[in-house]
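Structure first, then comments.
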Amino acid sequence: MNPAYIYRTVRFFFVIGVVILSLYAFLYLSKVTYPFIIGLAIAFLINPFVNMMEVKWKIPRALAVLIALILIFAIFAGLITLLVAEIVSGADYLAKVVPQHLDTLIGFIEQFFAGQIIPLYNQLASLFNNLGTGQQDTIMTNIENVGKQFGSTLGDFIQAFFEKIPNILSWFPNAATVLIFSLLATFFISKDWHRLSGIFSRILPSRAKKSGRTVFADLQKALFGFVKAQATLVSLTTVIILAGLLILRVDYAITIALVTGLVDIIPYLGTGLIFVPWIIYEAIGGEMSRAIGLGILYIIVLVQRQIMEPKILSSSIGLDPLATLIALFVGFKLIGFLGLIAGPVTLVLITTLHKAGVFRDIWMFIKGNEEAD
């Protein structure tokens, strides 16, 4: 056998082993260092703004980082405060309106039972009485088994729900701890960004530095593009819902549109969490015209999202629309809802590594010296 092919095979499996070990090491370390990974990601995002304050406004870098973090915290706190205020206002309105709709719903259920369930029950009771003793016993046994199974399932669900409550409550102190460490890590990483970059620049070889700069710049551009794309999609959804609710003359249209727009961030489910129960409720309550209007609005939102998402993501991140659509679908099929975010991000990473020539360098390493062949 040609020794060149043996060396290539050895180098190929060496590269595969290094990649697998690196992934396992990253996954293991991320479980114990994720607050600092979050801090690195935040520092990465705010770095252009901090650099601008440091260079153009001549603000000391530590103070610039502090200002950036305060602004981010103020924006999020303001949005949460606005959202809570709108929800409280909407809840006060619902407290006045819901009892009226509840009476309507109860009346509908009473009419349904009186007109449909009771006659059906009488027919079934008549048929049951005409059956033989053995058939009646079989039917009763099956009904008891179904009842026991339903009761057991319901009991297990309630038990599991109450067992998870301590875990949910214990999550809050942990979240606060993670938040504090992440903010501290963000501050120190961003403050010493240039010094840390210099350390890595001295450690890495010149070829790796060149590829690393390209990967870093493309990833930064793609990451900002992804955030911009999601903000654009949510804004479009909010505006469309607001316009539709105003046409339908729905009270508190702004509150509902804002909440539904934020819910649209949830992959795949999105606005359906709000619209589907609402449409069913309006239909049961006899408001068929409003239910139809909401259904049409929901379809418009869905179609808009499916059409615009690949285009906006591709234009913001710089990817082909078909490749973006494939990445969304494959990511969802592999890891579920998170795959709708991980899919495009993985595609961006692969594209960036390709542009930086990383795959070419790996292939040249595996191939070896052509003259030796």
Exercise for review: Working carefully through the options Leu196, Leu242, find the one that is farther than 30 Å from Leu82 by Cα and among the hydrophobic types (A, V, I, L, M, F, W, C).
Suggested key: Leu196
Point to revise | Thr232 being farther than 22 Å from Arg305 by Cβ and either modelled with pLDDT under 80 or touching a helix residue (DSSP H, G or I) at 6+ places or on another chain (Cβ under 8 Å) (or both) | key: no
**Study point:** Total residues in the stretch 228-269, condition part of a helix (DSSP H, G or I) and open to solvent by less than 80 Å² (accessible area, probe 1.4 Å)
**Key:** 25
Study note, to complete from the structure: Checked pairs for the stretch 349-373, first over 16 Å from Val10 (Cα atoms), second open to solvent by 40 Å² or more (accessible area, probe 1.4 Å) and at pLDDT 80 or above, C-beta under 7 Å and 6 or more apart or across chains, list as Leu353/Phe359
Exercise for review: Quickly run through the stretch 1-40 and pick out the residues that are open to solvent by 60 Å² or more (accessible area, probe 1.4 Å) and polar (S, T, N, Q).
Suggested key: Asn2, Thr9, Ser22
Revision key, fill the gap. All conditions in (1) modelled with pLDDT under 80; (2) surrounded by 16 or more Cβ atoms within 10 Å (Cβ to Cβ); (3) acidic (Asp, Glu) are true of Asp192 except (1)
Study note, to complete from the structure: Residue hits (the stretch 46-55; open to solvent by less than 80 Å² (accessible area, probe 1.4 Å) and either over 24 Å from Phe181 (Cα atoms) or touching a helix residue (DSSP H, G or I) at 6+ places or on another chain (Cβ under 7 Å) (or both)) are Ile46, Asn47, Phe49, Val50, Met52, Met53, Glu54
Exercise for review: Could you tell me whether Val215 is open to solvent by less than 80 Å² (accessible area, probe 1.4 Å) and closer than 15 Å to Phe44 by Cα?
Suggested key: yes
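The values are calculated or read from the model by the stated rules, or taken from the named source; none is laboratory data. This is a predicted model, so every value here is computed, not measured. Ideal geometry is used to build each Cβ from the backbone, glycine not excepted, and the neighbour counts take in all protein chains shown. For accessibility, only protein heavy atoms count, side chains too; no ligands or nucleic acids. Shrake-Rupley method; radii C 1.70, N 1.55, O 1.52, S 1.80 Å.
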